[in-house]
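Reviewing the structure listed below.
The values are calculated or read from the model by the stated rules, or taken from the named source; none is laboratory data. A quick note: this is a predicted structure, and the numbers were derived from the prediction, not measured. Cβ coordinates were reconstructed from backbone atoms using ideal geometry, including for glycine residues, and neighbour counts include every protein chain displayed. SASA here: full protein model, heavy atoms, side chains in, ligands and nucleic acids out. Shrake-Rupley method; radii C 1.70, N 1.55, O 1.52, S 1.80 Å.
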Amino acid sequence: MRGQKQRDPSGQLHNALYFLSGVMSVILVLILVVGVQTKAQNNRNMEDASGAVSGEDEWLVEATKPVTESEENVEKWQEGIVTYEGRDYRYNTSIHTYLMMGIDKDEPVAPAKDYISGGQSDAMFLLVVDTDNQKLKVISINRNAMTDIEVYDEGGYSMGTMEGQICLQHAYGDGKKLSCMRSVDAVAKMFGNIPISGYLAMNMGGIPLMNDAIGGVELTALQSISLPDQGVSIKKGETLRLNGTEAYYYLRGRDTEEFGSATKRLRREEQYIIAYMDKLKRISGGNAAGVVDIYDSISDYLVTSVDFTSLITELMDYGFSQDQLYTVPGEMVLGEPVNGQSYEEYRIDEDAMKKLIMDVFYQPVS
């Protein structure tokens, strides 16, 4: 089944003019929030959300080779020294990478009714923690990025590998731990089988709670959003402090009849990450204990494999700025019609992607 294109498993998510998909961007903040609980509290919350206590690096994806290269022309990205554009590089073993996802569900985490209803990961970011340089890097992944995903039927039986939007991988699971693990696997392969140490997913219903927990987020609107029935009227170019409802629609809303609307939403999500981080640091004064209430308010909306307790104090002091925010390179196109309907496909620029991987995950060898 490889090479075929897999579409939205529910067949219903693209019908509304304002399909409220995508979430979060605030996910980056969760890294700071999760760790402020004691280890016992973390374990209890993860048992409730994901069904199992997990530890750091529990679901480490072992690196082997890029899945897109032929057997006779394999560059083993994680093994020893590799040559790129005439220079020698080695994988940076001082970094740890985590997949952050926003899931298109409003309710708290609950088991999916079947194995095609786990929810789409409409916001996806890789958090790269560099312990040597004490820096955080974030790579945003377009939800329509085309890659190989594992497809299952309603009963959970494998139907093989198909090409589809990366956001669909999470749907083929239980909506909890299994969905997240399969998403980690798909993203790791997209990045040439880089090691991914863990994951954190948040259902989008947690956005208003997290926004209001810090008194709202100030930013200059990149796009106008008018939803009178929801009491939302945001004008492009105006500077405002988003309340919970406004943040929800600013991060989720997109006009599905507008080509490239998912990319515009991704830019808003990236903007919100920066603004939220700045606000959080101001009100917490760099003290991790100051954000415990934020975690408490959204814990029912989270699924995570990672205990950040040992990292939180260090991460609060790590540097993060606009120039440490990267985007998977590519181009949005319309795919071939399926049942008379064409869907957006984000085609990755493989050469630029390889450069991104080398820039973020590798170091030149002296």
- Message: Could you go through the stretch 247-260 and let me know if any residue there is surrounded by fewer than 20 Cβ atoms within 10 Å (Cβ to Cβ), assigned to a helix (DSSP H, G or I) and at pLDDT below 85.
- Response: no
- Message: Checking the condition over 16 Å from the mean Cα position of the chain (by Cα), at positive phi and open to solvent by less than 30 Å² (accessible area, probe 1.4 Å), which residue from GLY175, GLY160 passes?
- Response: GLY160
- Please give the number of the condition ALA247 fails out of (1) at positive phi; (2) touching a helix residue (DSSP H, G or I) at 6+ places or on another chain (Cβ under 7 Å). (1)
- Task: Would you mind finding the one in ARG282, ARG267 that is modelled with pLDDT of 80 or more, more than 22 Å from the chain's Cα centre (by Cα) and surrounded by fewer than 20 Cβ atoms within 10 Å (Cβ to Cβ)?
- Result: ARG282
- Message: Residue pairs, Cβ under 8 Å, 6 or more apart or interchain, first in the stretch 222-235 and outside any strand (DSSP E or B), second among the hydroxyl-bearing types (Ser, Thr, Tyr). List them.
- Response: GLN230/THR245; GLN230/TYR249; GLY231/THR245; LYS235/SER224
- Note on the structure: Flagged in the stretch 322-366 as assigned to a helix (DSSP H, G or I), aliphatic (A, V, I, L, M) and exposed (fewer than 14 other Cβ atoms within 10 Å of the Cβ), in numbering order, are ALA352
